[in-house]
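> Right, I'll just put the structure down here and ask away after.
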Amino acid sequence: MKFSVNGRPVETTVAGQTPLLWVLRENLGLTGTKYGCGLGLCGACTVHLDGAAVRSCQLPAEAAVGHEITTIEGLASGAELHPLQRAWVEHDVVQCGYCQSGQLMSAAALLHQHPHPTAAELDEGMGGNICRCGTYERIRAAIKSAAGASNTTETRP
């Protein structure tokens, strides 16, 4: 199977039904994408498939063939952090950090689709990501900061 990960072509010989999460972590050594629930419900394993946020624990590797996968390792542009990553630091979002790569990948897909998200768009775009530490308000603030969106109202994702 051939696909692209973070702009680089890769080839793997794993079984087609192997979850992409395990290909990324075990075969390619990209451990930034985390295993959370294994059911696609928590968002810890979120990556981009051609720019759209997907749960890599539920996506069979064969579904990635011919597509571009972006992981948290590919979010930055070289040494230049992505605006969301800068905002995450600015707003001191991270507590334990386990969910943060999935949160960032969902937020990046959200801002790609809605550069200045409304509260409802923010709720929808981030609603499937769980933070056990409860840093939701800091996550929202960082997303709004990165988007330059100060016109959305606070509601829990």
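Read-outs throughout are calculated quantities, based only on the coordinates presented, and are distinct from any laboratory measurement. Small disclaimer: the values here were computed from a predicted structure and weren't measured. Glycine gets a Cβ as well: all are built from the backbone with ideal geometry, and neighbour counts include every protein chain shown.
> Using a simple charge model, +1 on the beta-carbon of Lys and Arg, -1 on the beta-carbon of Asp and Glu, nothing else, what dipole does the chain show about its Cα centre, in debye to the nearest 20?
240
> Explain nothing, just the number: relative contact order of the range 1-85, from Cα pairs under 8 Å at least 6 residues apart, as a whole percent.
About 35 percent, as a whole number.
> Put a dot 7 Å past each Cα toward the Cβ at Tyr35 and Glu68; how far apart are the dots in nm?
Output for this residue pair reads 3.0 nm.
> Pairing rule first: another cysteine's C-beta must sit under 4.7 Å. Under that rule, which cysteines of the chain stay single?
Lacking a cysteine Cβ partner under 4.7 Å: Cys96, Cys99, Cys131, Cys133.
> Quick check: Cα centre of the range 27-50 to Cα centre of the range 99-131, how many Å?
15
> Using the charge dipole of the chain (Lys, Arg: +1 at Cβ; Asp, Glu: -1 at Cβ; taken about the Cα centre), state which of Thr46, Ala64, Gln95 has its Cα farthest towards the positive end.
Ranked along the dipole, the leading option is Gln95.
> Could you give me the percent of Cα pairs per 10 Å distance bin for the range 2-74, shortest bin first, beginning at zero and ending with the bin that holds the maximum distance?
23, 63, 14
> Return the tail of the calculated pair distribution for the chain, meaning the percent of Cα-Cα pairs more than 20 Å apart.
46
> Restricting to bridges with both residues inside the chain, how much of the DSSP beta-bridge set is antiparallel, in percent to the nearest 5?
Roughly 85 percent of the DSSP beta bridges within the chain come out antiparallel.
> Could I ask something else about it? Based on the Kirkwood radius over alpha-carbon pairs, what is the Stokes-Einstein translational diffusion coefficient of the range 57-98 at 4 °C with 1.567 mPa s viscosity, in µm²/s?
Calculated translational D: 102 µm²/s.
> Let me ask something additional. Given an 8 Å cut-off on Cα distances and at least 6 residues of separation, report the relative contact order of the chain as a percent.
For the chain, the relative contact order is 23 percent.
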